[in-house]
Structure formats: C-alpha cells, structure tokens
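Q: Structure below; questions to follow.
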Amino acid sequence: MMTQQQLLSGIRVLDLTNVLSGPFATLHLALLGAEVIKIENPKDGDLARKLGCVPKYNTMLMGTSFLAQNANKKSLTLNLKAEEGKEIFKKLAAVSDVVVENFRPDVMGRLGLSSEVLRGLNPRLVYCGISGFGQTGPDALKPAYDQIIQGLSGEMAINGDERLTPLRAGFPVCDTVGGLNAAFAIMAALFWRERTGEGQTIDVALLDSIMPLMGWVVANLMIGKQQPVMMGNDNFTAAPSGVFATKDGYVNIAANKQEQWEAVADVLGLPELKTDPRFQERDTRKKNRKALTPLLEAKLKTCNTAHWVEVLNAHDVPSGAILTLEQAMHQPQIEHRNTFTQVEVDGIGPVPLFNLTAKFEKTPGRVSGPPPKLGEHTEEILGTLGFDSAQIAGLRERRVI
C-alpha cells in the first residue's frame, strides 16, 4: 500500500511557544507532516503541561491542556539563557524552515535570538512572533491572556443579553483564532518562499486576529452606525432566528430567508402570521421579535425538540438540537468525519485527540504520534547536529538541557 505524502513533509519547525495560541498554530503544521520541535525549558517545559483537570497528569507534566495541542511534536529541552543553549538553538535555526514564538515582543531580542539575528543565519527562515498586541505600538509590551484580549477587543461587550453583559466566550477564542491566524500566515510565507527563495518575519497579534471574526457586527457599527444590541441567543440578522423552547427543552431555528420564515409559519400551523403586518417583512419582523417568539413557542411546546428538528429541516429550515459538549463530541456526524482519533500515551493510556479538520484529498493531515514527554527527543535532535553521547551528558550536567 502506497503511503500518502503529507503536505509539509521535510519542513522543520522550531516551536518556542507555550500554552495555547502558539501550540495551536504549530499543531496544525505538525498534523500536516512538518517536523515540529518544541523547545522547552529543562525544568518543567510548556506551562500547559501543568494545566488540566487531572492532577495526576499535571504532576506527570502531561496535563490535559498540553495533550490537546501537541500531538505529532518532538520535545527538546534547552536553556536559552545559557550561552551554549543559544548556540545550539542558532545551529538548529540555520537548518530549519520556521521559528514560532509567543513571548512578549522584547524577549527574543534580549536573548540575542531576534528574527534579524536568526534570519541573518538563515535567509530562508520564516519567523513568526505571536503576541497579545503585536511587536510594535503603545500596548506592545503589556502582558496579555485570552480574557484580557476578549475584553479589549469588544468581544465580551457584544455577548450576553440585557441581564448578563459583558460575557466572555466559553473557550479561549482569542488564543485559538490567533493560533489559526499564525498557521495560515506561516503557510502563506512558505508559499512565498517557494516562489522567491526568501523567508520573512510575521507579526501576529491576538487583538488583531479576533477583530475580523466580528466582521458583521463591526461593519454594522463602522459603516451603518448601528451600535450592537445585546440579544442573547437571538440572531441579530433575522427573525425568527435563535433559541426557542420546546416540550422537552430547546431548539435552534435559523429562518434567515423570507421563504424559510414562511415555511416556519406553515409547519407550525400559523399561516396567518405570514400576512400579519408585524411579521410580514424581514426588518419589521426583526423589530417585533419579542411579540413573535411567544406565538411560535406556544406551538413549539406541543412537541419534542427531535420532532421539530426533523420537520423543519425537511422543509429546508435550518434547525438543530442544543447538545451538551459530551453529546456533541459523540454525535454520528463527528464520528463519521473522524474528528477525533485515539492515541496511546505512555503512562496514561488511550487519549482522544483532534485530527486535522480540513480534509485533503491527496495530502491528508493526521495524528501519527502522541504529545511528547518533556525532553523526550533531546538526544535524537542533538545527535542530528553532531553531538555525541559524552557531549550530551556534559550539556545535561551544565543544565543546558
């Protein structure tokens, strides 16, 4: 059986990142076949190794947060504050394709490992710095975590409803989209290098990255001068579009087109609403959603969610149940798409990890190895640079690795 070629086979990535935004970026490169080498401090490595809901795994430096973002990677421990550690890193950078870091903007310069220094050694190098605010500007040196960016971006201010706002997203959305932005940018820079032979430096800010995700809301404000309105589970672009009560719970209905609204009225046995002047036309219907919702829910509460999902979808009205996270992970469609794969992790057992969610016809991405133990590949990687066992032992004694 022929082994399928992976998209980034032969690409070496030096991953200096911690916790989420950077590791999420390099995870995508690793799933596409790049050799991703995590450069970790010899003491305890990536902070995510200690983050998670299972104390035993945190003590093992294999916390659930680390497991989620670091499949397919190698781990090299290296003290970048030691001169020997810096020299080893420079040797690696000279024979690598990508460097990714998510320190504050001044850290790599203070270490003597700035993009200018590294690209001076290797002009083909793609260097990506991920930070909260970017490499320059009045806030560049401020510390930032996901929730800080959620607040400063306006994202928290557009969530919730009149009773509960501001409201953070239920997962680190800014870190995550910052990582996706970085992965996209790195791929684009590698494509440019294929054309020109030139590497370049990429500056990714979490604050920048989240802004385009709010594009419709931003456009309404900046172009249409309409302030965002806290609408909770309602969709501001249409009505009826949002969450509605049923006999046994709730259902999402997204009747975003006029014909979908009319189908909802017919399915619920309320054809008279189609010609009601409060609801007949889209923009008027949006203004009167508080009057419309109780009329619809009076009918929706006569049957279970599953019934309405089946009937509404059959009439081309997008609808769906509101699942718990556990239900969502085990629904048939997710299983069909192989979103997760089981990987054996030493000392823990089988662990479900995300596969690459983009499905490539010819160069599929996949999980091929578990997240690494701290320093698991140190000797292997140093060996490729010409270090013998005695030299490696000396580096270990001097706490360089």
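The values are calculated or read from the model by the stated rules, or taken from the named source; none is laboratory data. Just so it is clear, the structure is predicted and the values come from calculations on it, not from any experiment. Neighbour counts are summed over all protein chains in view; Cβ atoms, including those assigned to glycine, are modelled from backbone coordinates with ideal geometry.
Q: Suppose we filter Gln135, Gln150 for residues that are of a type in the set (S, T, N, Q) and in contact with a Cys (Cβ under 6 Å, 6 or more places away or on another chain); which single one remains?
A: Of the residues listed, the single one that is of a type in the set (S, T, N, Q) and in contact with a Cys (Cβ under 6 Å, 6 or more places away or on another chain) is Gln150.
Here is a yes/no grid of residues against (1) assigned by TED's automatic domain parsing to the domain that holds Leu312; (2) part of a loop (DSSP other than H, G, I, E, B); (3) farther than 27 Å from Ala306 by Cβ; (4) among the hydrophobic types (A, V, I, L, M, F, W, C):
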site	(1), (2), (3), (4)
Asp248	yes, yes, no, no
Asn252	yes, no, no, no
Asn256	yes, yes, no, no
Gln260	yes, no, no, no
Ala263	yes, no, no, yes
Asp266	yes, no, no, no
Phe279	yes, yes, no, yes
Lys286	yes, no, yes, no
Leu292	yes, no, no, yes
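Q: Can you pull out every residue in segment 242-277 that is charged (D, E, K, R), farther than 12 Å from Asp316 by Cβ and either crowded, with 16+ Cβ neighbours inside 10 Å or under 34 Å from the mean Cα position of the chain (by Cα) (or both)?
A: Once the filter is applied, which keeps residues that are charged (D, E, K, R), farther than 12 Å from Asp316 by Cβ and either crowded, with 16+ Cβ neighbours inside 10 Å or under 34 Å from the mean Cα position of the chain (by Cα) (or both), segment 242-277 yields Asp248, Asp276.
Q: For the structure I just gave you, tell me whether Thr324 is without any contact (Cβ under 8 Å) to a residue 12 or more places away in the chain and within 23 Å of the chain's Cα centre (by Cα).
A: yes
Q: Something else: Looking at Asp203, Asp234, can you tell me which residue is under 25 Å from the mean Cα position of the chain (by Cα) and either assigned by TED's automatic domain parsing to the domain that holds Gln150 or in a helix (DSSP H, G or I) (or both)?
A: Asp203
Q: Would you be able to say whether some residue in segment 48-60 is within 21 Å of Val100 (Cα to Cα) and either crowded, with 21+ Cβ neighbours inside 10 Å or not assigned by TED's automatic domain parsing to the domain that holds Leu118 (or both)?
A: First, pick out the residues of segment 48-60 that are within 21 Å of Val100 (Cα to Cα): 48-49.
Those still in the list that are either crowded, with 21+ Cβ neighbours inside 10 Å or not assigned by TED's automatic domain parsing to the domain that holds Leu118 (or both) too: 48-49.
Checked segment 48-60: at least one residue is within 21 Å of Val100 (Cα to Cα) and either crowded, with 21+ Cβ neighbours inside 10 Å or not assigned by TED's automatic domain parsing to the domain that holds Leu118 (or both).
Q: Can you pull out every residue in segment 138-153 that is surrounded by fewer than 18 Cβ atoms within 10 Å (Cβ to Cβ) and either at pLDDT below 95 or closer than 29 Å to Lys90 by Cα (or both)?
A: At the first step, the residues of segment 138-153 found to be surrounded by fewer than 18 Cβ atoms within 10 Å (Cβ to Cβ) are 138-143, 145, 147-148, 151.
Correct list: Ala140, Leu141, Lys142, Pro143, Tyr145.
Q: Look at Pro370 and say whether it is in the same structural domain as Ala68 (by TED's automatic domain parsing), free of Cβ contacts under 8 Å to residues at least 40 places away in the same chain and within 30 Å of Asn41 (Cβ to Cβ).
A: no
Q: What number of residues in segment 36-54 are within 11 Å of Ser75 (Cα to Cα) and not aliphatic (A, V, I, L, M)? Full working, then the answer.
A: First, the residues of segment 36-54 that are within 11 Å of Ser75 (Cα to Cα): 36-42, 45-46.
Now drop any that are not not aliphatic (A, V, I, L, M), which leaves 38, 40-42, 45-46.
Adding up the residues that qualify gives 6.
Q: Let me ask something additional. Suppose the filter is of a type outside the set (Ser, Thr, Tyr) and either touching a residue at least 60 places away in the same chain (Cβ under 8 Å) or within 21 Å of Asn233 (Cβ to Cβ) (or both); does Lys299 pass it?
A: The answer is yes for Lys299.
Q: Can we say Glu379 is among the acidic types (Asp, Glu) and at pLDDT below 95?
A: No, not satisfied.
Q: On to the next question. Which pairs turn up if I take residues in segment 110-137 that are under 15 Å from Lys91 (Cα atoms) and of a type in the set (S, T, N, Q) and look for partners that are modelled with pLDDT of 95 or more and surrounded by fewer than 17 Cβ atoms within 10 Å (Cβ to Cβ) with beta carbon separation below 6 Å, at least 6 apart in sequence or on another chain?
A: Asn122/Ala94
Q: At least 3 residues that are farther than 30 Å from Thr136 by Cβ in each: list the helices (runs of 4 or more DSSP H) lying fully within segment 10-115 that qualify.
A: The helices (runs of 4 or more DSSP H) meeting that bar are 55-59, 64-69.
Q: Further, regarding this structure: For the list (1) aliphatic (A, V, I, L, M); (2) farther than 30 Å from Arg195 by Cα; (3) assigned to a loop (DSSP other than H, G, I, E, B), I need the number of the one condition that Leu152 fails.
A: (3)
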